[in-house]
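One structure below.
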Amino acid sequence: MDRRTGSRGSDGRGTGAMTTRAWWLAVGASIAIAAPVAAQRRGGEAPFPHQRHERLFPLCESCHAGIATGDAASSMPSEASCRECHNGTDARTVSWQRPAPVAGLLRYSHPAHARQVDSTGRACTTCHGGTATRRMDIHPAAPEGCLGCHTHRASAHLGNDNRCATCHVALTAATGLTRDQVAGLPKPASHERSDFAAAHSPVTPVAAASCAVCHARESCARCHVNASTQPIIAALGRDDRVASLVAGRPAVYPIPADHADADFAVLHGPAARSNVARCAACHARPSCTSCHVGAGASDVIARLPMAERGGAPGVQLKLQPARFRPIALAMPAQPAQSDTTPTAPRIVRVHEAGFSRTHGPRAAASPVSCAGCHAQRFCSDCHAGDNQRRFHRANFVQRHAADSYGRETECASCHNAELFCRSCHRESGLASKGRLDVAFHNAQPQWLLQHGRAARQGLQSCATCHAQRDCLACHSTTGWGVNPHGPGFRAERLATRNVTQCLLCHLKVPGAR
Amino acid sequence: MIARLHGFSGLRHLATAAALGLAWSPVVGAQGVRITGTSSMQGVDLRPLVEDSVPVGQTTGTGAFRTMADGRLVRCVGDEPYCRFRSSGDRAMATPVVQDLRAVAWGFGQGISLQAHVRARGALGDSPSWPRSDDAFDAIEAWLEVDRGGVRTRLGRQWATGGLGVHNYDGASVLVRRGRARLEAFGGRSLVVGLNDPVTGAELGAIDDLPPDEDGWLLGLTAGAPLGTRGVASATWQRVIRADRGALYSERVAADASVRLMGASIDGSLAWDLGERQFNDALLRVSRPVARSTSMSLEARRHRPFFDAWTIWGAFSPVAFDELRATVGWRSADARWSVDARGARREYDDTDEGLESMPLESGGWRAGAGAEWIPRDQWLVYADYDIDIGFGASLNDMVAGARWMPDESRYLGIAASGLQHIYEFRVGTGRVTGLRVEGGTRLGTDVRLVADGAFYRHKLTQGAPSPDWSQRRFSLRLEWTVGRDPGAATGAGRVP
């Protein structure tokens, strides 16, 4: 052995037996800058006891001459070099075999960096430590050392907006990492943000390359139902280690900010129509067809993927039973609080409270929107009247009078007042029997003088007990001739529409055909 | 039990029709048939008012209205020795039974489908009559549809739906769609809204002493178009004329629009009676989230009742009222709490009737609040309170209850209610308290049974005549589905 260079030797106590792993770690001390596996060992001494050999090897190049030149054969010492000292006489023998290069995560060229020696000439120790007094206090290079030159936008290793691909290769190319090593890759702080999962799509090739350092196609396909058709996902490539790691882990579907709007469930149509691809990231067709049974949105739904067997399930939306939410339909979504912890479904109200009362104008203006989720039979469920018991509250028959007078809802939308109301009032003994009767209208003695005003204010309610003939008894030429018309009444309009109606009061005997 | 059914010949027709339909569909090659049935039965204690009398000597007071010893009001006419009054008669339980059948069949050819909704009614035993229980059979809808290339044609009994509400008719409709725009023309024999019978039908004749003597024919047009990307609008014109073209039963137009603007939903509607040349309805509603968990709406409306021109009611110059309403709702971030409050004020137009010395309420107001709480995923606790003070009828009303749903197939609920009638024209002031239990279970994927029972106690606090609403109630409802919609996994659990 060349003692001047002293690059190969032994600690003389037989403790430096190099194994394949030791060799890899020794190499890693140089090449695993920022590599997570090495990062875990940061601050520790490399297995090879460099300091014990400090006096034997004045220069790093004594053993690692090829690193600076790119010559793999001379990057690490050979076993013969060790035996020059570890020959059993000068020092105990050691076993050593130069390992084959391992494909790690690092994208790093020692020859290129070797040309950038600092002013002190400490080419290796710039990154790997070493001081004037302890020249071979070697440790793995720290990623922060890279940032000193490769500043770009990085505030720290694993910081936001890092361009990971500057120093790292894609995970699929790092075939030397084991499954456990992949599992141990550190998670950047940005990934812990609450809104990260909802808005993590890389928008530039540089960002996509950063994702590829730790992720493979299976990482995305765990949740994204359209993974197989997205170029940015397909570009990641497949990886068995990642597939093994995500197998069995539930898909996570956070709720984007716009989805949290109170009326998103109703108004998402235009957004979906204009950007189906965005929906397809999380939604397969069953997400939509849990509500959309009508034809109104079928063209958009058809552009969504179907969930593939063994692939992402897509957001599982399910209607809440109406009886549990008496006011409106509800729809749960699956939130993301962590990858594994199941959380309670988020209830999303499809229609605002009281929509059953207020839906008229919207339904009339845009029946196409209604048809997205409802078949027309849904309308007749209520509007057909007498076999729908969900619309009114349970004791409605006892409280309906106030709602009827105030027209809280239009009774005639679902009931025929002539028949439905009066027949019930008749059976109850409440309806008029054609003559002045006992003590109704709270027995107000002057009711006869008040009834005209009451009738003009609530004629629909009057008609639920009184037949037309009740009024004609007084308000007709064959009765008492009392004029029921108000000051704004235009007889000619009525006559133009239906003169028969006039004749009922003015010429003919009431009831005569 | 079948033997005790009366008025139920319709059910036999119904069963026959359903069986024929099922047998017939495969024959003509339908790809699919979906039939939904709803069988419901109610039991309601009734004590209808019956006429009674009391000797004049057992009443106090003078004049036409006097009082009995127990405070009830009676009417004494002239020199009659007896005064009349009405009181609740014997208790009897009404047991209406309703059977609904819906059938949809499709796949006869491109875009061709059949739809029908029929209903049979009856009652068990010799129970008191229930509204329409003597109308044994009712065809609510039944149409053939051909939907191809943006044109949809329907033929049969169907509904015109739009800004004028729903109007059923026997006839045809053609709907043309171009993008989000649409134009529909429809026409046929007009049916009475909510009755599914022509105006000359026996059902109307049995209850109305002056029904029209000629059928009506309906003509209508509806057009709708988007308002840019933020809204949509539609207009409807509808006319019903006598079959002999000798008169007009009604002619109205409506316009509706819904727009999203600056985060708000703005809905507006107008209904105009061309015959009376007056608005029946004018409404503007603005609703908007005011914070992440809070939403608010304001609504202004004007309402004037509409009457078909075959009645005399329109000649009595009914007046309109204006109403302003506000609602505010809040939901917690985890959706376990929700609270809403509402209030409204309405004012009637001048009636030019009555005496200043005998004023009548010319307006009214209402207010209310409700809350829902989901302490656990299986539980819902709710409470509502409403007060409505106004013309005609006023009340205080509150209800509180809880529902438990251990899984998606079962639920159980209980609710207590209290109702105070403050003032009414027709029935007396009183209080009603009640307790109700309800439950439901899914017996199979497409079969569900729902039942409820309630007890109400009614206490009159004034002597005006009113039926005693102290009563027991129950209902049973069996819902089932055979077949499925195109592309649907099952027929159950979906928005119909």
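None of the figures in this text is laboratory data; all of them are computed from the coordinates on show. Worth saying up front: this structure is predicted, and the values here are computed from it rather than measured. Neighbour counts are summed over all protein chains in view; Cβ atoms, including those assigned to glycine, are modelled from backbone coordinates with ideal geometry.
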*How are the C-alpha pair distances of chain B spread across 20 Å bins, as whole percents from the shortest bin up?*
16, 48, 33, 3, 0
*Integer Hz, Karplus 6.51/-1.76/1.60 couplings in order for segment B:304-320, x for Gly and Pro*: 10, x, 10, 10, 4, 6, 8, 9, 8, 5, x, 6, 8, 6, x, 9, 9
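Count neighbours as other Cβ atoms within 10 Å of each site's Cβ, and list the GluC sites (Glu not before Pro) in segment B:358-437 that are DSSP loop with at most 15 such neighbours.
Working: sites: B:Glu361, B:Glu372, B:Glu408, B:Glu424; in loops: B:Glu361, B:Glu408.
The qualifying sites are B:Glu408.
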*Sorted from fewest to most neighbouring beta carbons within 10 Å, what does the list A:Glu144, A:Glu408, B:Glu145 look like?*
A:Glu144, A:Glu408, B:Glu145
*Using a 10 Å cut-off on Cβ to Cβ distances, tally the other chain neighbours for every residue of A:371-384 and report the average as a whole number.*
6
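Over chain B, what is the relative contact order in percent, taking alpha-carbon pairs closer than 8 angstrom and at least six residues apart?
On the way: 1270 pairs, mean separation 53.9, N = 496.
Worked out over chain B, it gives 11 percent.
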*Out of residues 5 or more away from B:Met93 or on other chains, whose amide H comes under 5 Å of its own, with H placed 1.01 Å from N in the peptide plane?*
B:Leu46
*Calculate one ³J(HN,Hα) per residue across segment B:208-218 by plugging θ = phi - 60° into the Karplus curve 6.51 cos²θ - 1.76 cosθ + 1.60, and present them in order as whole Hz with x for glycine and proline.*
9, 7, 9, x, x, 9, 9, 5, x, 10, 9
*asked:* With θ taken as phi - 60° and the coefficients 6.51, -1.76 and 1.60, list the Karplus ³J(HN,Hα) couplings across segment B:337-350 in order, rounded to whole Hz; mark glycine and proline as x.
replied: 10, 9, 9, 9, 9, 9, x, 8, 9, 10, 9, 7, 5, 5
*asked:* Using a 10 Å cut-off around each Cβ, can you sort B:Leu191, B:Leu360, B:Leu435 from fewest to most neighbouring Cβ atoms?
replied: B:Leu435, B:Leu360, B:Leu191
*Highest average packing first - B:169-181, B:100-112, Cβ atoms within 10 Å*: B:100-112, B:169-181
_Whole-number percent relative contact order across segment B:365-476, with pairs defined as alpha carbons under 8 Å at least 6 apart_ = 17 percent
*chain B: angle of helix B:9-28 to the longest principal axis, Cα-based, in degrees nearest 10*: 10 degrees
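Which order do peptides A:57-70, B:245-258 fall in by mean Cβ count within 10 Å, highest first? If you can, show how the numbers build up before the last one.
Details: A:57-70: 18.5, B:245-258: 20.1.
Top to bottom by mean Cβ count within 10 Å: B:245-258, A:57-70.
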*asked:* Give me, ordered by chain and number, the residues 5 or more places off B:Gly363 or on other chains with an amide H under 5 Å from its own placed amide H.
replied: B:Tyr348, B:Phe391
*Considering Cα pairs under 8 angstrom that are at least six residues apart, work out the relative contact order of segment A:409-506 and quote it in whole percent.*
26 percent
